[in-house]
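The values are calculated or read from the model by the stated rules, or taken from the named source; none is laboratory data. Computed from a predicted structure; not experimentally measured. Neighbour counts are summed over all protein chains in view; Cβ atoms, including those assigned to glycine, are modelled from backbone coordinates with ideal geometry.
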Amino acid sequence: MPLRPLRRAPMMLGGVGFQVGLDEAHHKQLQAQWEAARAAAPGPDVVTQLKELKSLLDEGALTPEEFQTAKGKVLQN
């Protein structure tokens, strides 16, 4: 005996809802991975600071020892 269409509708909708839940969980996981990768990468301000320190070293305003010390401080932050 075939099922009536009204009896099949709730099962199909439940399946769609389950898939939507999986999609949301996957999206949250990808977003968390992206944010972790972004936090691990140095920001442009660090790169800019290092370039400024290098230019000061090249101009003779900093000694190599001062440059290494300042670079270490920038990279620790």
Set Glu35, Glu65, Glu52, Glu24: member being exposed (fewer than 10 other Cβ atoms within 10 Å of the Cβ), modelled with pLDDT of 70 or more and part of a helix (DSSP H, G or I): Glu65
Subset of region 60-77 (residues that are over 25 Å from Ala40 (Cβ atoms) and of a type in the set (Ser, Thr, Tyr)): Thr63
Cross-chain or 6+ apart pairs with Cβ under 8 Å, region 45-61 first and without any contact (Cβ under 8 Å) to a residue 60 or more places away in the chain, then in a helix (DSSP H, G or I) and among the β-branched types (Val, Ile, Thr): Val46/Val74; Gln49/Val74; Leu50/Val74; Leu53/Val74
